[in-house]
1. Say the cut-off is 26 Å between C-alpha atoms; which of Lys64/Lys131; Lys131/Lys156; Lys310/Lys336 go over it?
2. By its C-alpha gyration tensor, with a ≥ b ≥ c as the square roots of the eigenvalues, how is the stretch 284-346 shaped: rounded for a/c under 1.5, else prolate for a/b larger than b/c, else oblate?
3. Could you check the simple spin-label distance between Lys257 and Leu34, using points 7 Å along Cα→Cβ, in nm with one decimal?
4. Assigning unit charges at the beta carbon (Lys, Arg +1; Asp, Glu -1) and nothing else, what dipole magnitude in debye, to the nearest 20, does the stretch 26-136 show about its Cα centre?
5. Would you please give the residues with an amide H less than 5 Å from that of His62, counting only those at least 5 places away or on a separate chain, with H modeled from the backbone geometry?
6. How far is it, in nm, from the label point at Leu273 to the one at Gln322 when both lie 7 Å from their Cα along the line to the Cβ?
7. Relative to a virtual label point 7 Å from the Cα of Lys131 in the Cα→beta-carbon direction, which members of the stretch 402-432 show backbone nitrogen distances below 13 Å?
8. If you take the Cα atoms of the stretch 32-84, find Rg, then find the Kirkwood Rh from the mean of 1/r over all pairs, what is Rg/Rh?
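The values are calculated or read from the model by the stated rules, or taken from the named source; none is laboratory data. Fair warning: this is a prediction, and the values are worked out from it, not measured in the lab. Positions of Cβ are generated from backbone atoms using ideal geometry, with glycine treated the same way; all protein chains shown enter the neighbour counts. For the accessible areas, the whole protein counts, side chains as well, though only heavy atoms, and no ligand, DNA or RNA atoms are used. Shrake-Rupley method; radii C 1.70, N 1.55, O 1.52, S 1.80 Å.
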Amino acid sequence: MEQLLHYCWKHKLFPLEGLQTTDGQPVEVIDPGLHNLNAGPDFFNAKVKIDGTLWVGNVEIHDKSSDWFAHGHEKDPHYNNTILHVAGLIDCNVRTQSGITPPQVQLSVPDQVRRNYDDLIKTDTYPPCYKIIPSLSRLTVHSWMSALEAERLERKTKDIRWRAEHCDGSWESAYFVTMARNYGFGINSEPMEQWAFAMPLTVVAHHRDDLFQIEALFMGQAGLLNPESIPERHRDAAIADDYFQKMRREYQFLAHKYSLSPIDHRLWRFLRLRPQNFPHIRISQLANLYFQNKTDLSRLAEAETLDAAKEMLATQVTPYWQTHYAFGCESARNGKHLSTASINLLLINTVVPMLFAYGRHRQDERLCDRSFDFLESLRAEDNAIVRTWREVGLTVDNAGDSQALIQLKKVYCDRRDCLRCRIGYEYLKSRK
């Protein structure tokens, strides 16, 4: 497997003595070079001694040397500076476009490394590297967790930048869309994001001092004021509901005035959803949050402490929803405040990445540093991913750690991308 041979070369996981070219010249690898993940030679600026002479240039690696011609390298000037061709099997000589015949080395993946790699790829137990985790040094684990935490923030930053671009460069709107998506708490994240993109905040701003009109716009744009959105068993009660009718009339007036179109109400999911998480409740909470000016990005940027950020997220439903979970569906009176666990999730998935992304956008390192400080001050998430890593011996102290482990699971373990994982590296070179 060529990818594994690349890995062995990059990390020098092969016998460093006795290496020689096909014509018997001794080879010493001083520096394997910089791994190139784009077009061109596999490793740049490698340093290799061949028969006592130091060569600096590029190294190309293949399963078998005839792949050089199969890939057309003999016609490509980018390979003229190849100082060494490495292959698992040497089955022919090679030449460059300039007519030079680079020296070749036949290099096999060590048996131990191959067996370890097979373990990682074929083991069904998750995580497949669990056997080695208790033996890892604290420095190894800490450095990798820190890198994963930063990686996850970078990925979320990319998503937020994309939202800002699709909101005509408005970071205020991107913040609202990001918050709305996370108000879906997984099950309704996609429709919440689609709803937020369809929400004309410049229009809503004209009605900022009227909570009823804000809620009418929010519910209407979500398609939840369409009688077809109400289950048949509740439809008659909802249509007879004065609040529903009043809100529906208000939205119809505003939709006509501003030429608004709602999203498809069929996007919302209700199956096996606790009433507390119904979109009506989440949207009412967001309407209250917007009414209190708590969705302003400028205010978030001024929140210098975790308590200040939590206060910005604190909200409850409007009066009607204190006694309803859906239109025409009454419930016991309940303010339906966001729970502490929900606020913590919003801090982790909305506030922290938004501060980091906005800090990058404004080149304000204080905001970026604050995002890391918040993560390290928050309790770790309690989910199946985190619990599994804890069971195999990893320490999870805070939300930064839990975010790192979620990144590890989704980006490395799920894709069996063990060759890019530092724990995978320790496993591959181990002698179990």
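1. On the way: Lys64/Lys131 33 Å; Lys131/Lys156 31 Å; Lys310/Lys336 16 Å.
Pairs exceeding 26 Å: Lys64/Lys131; Lys131/Lys156.
2. Details: a/c = 3.52, a/b = 2.06, b/c = 1.71.
Prolate.
3. Result: 5.9 nm between the two label points.
4. On the way: 9 positive and 14 negative charges, 24 e Å.
Charge dipole of the stretch 26-136: 120 debye, to the nearest 20.
5. So His62 has HN proximity to Val86, Ala87, Gly88.
6. Simple spin-label model gives 2.4 nm for this pair.
7. 427-432
8. On the way: Rg = 11.2 Å, Rh = 11.5 Å.
Computed over Cα atoms, the ratio is 0.97.
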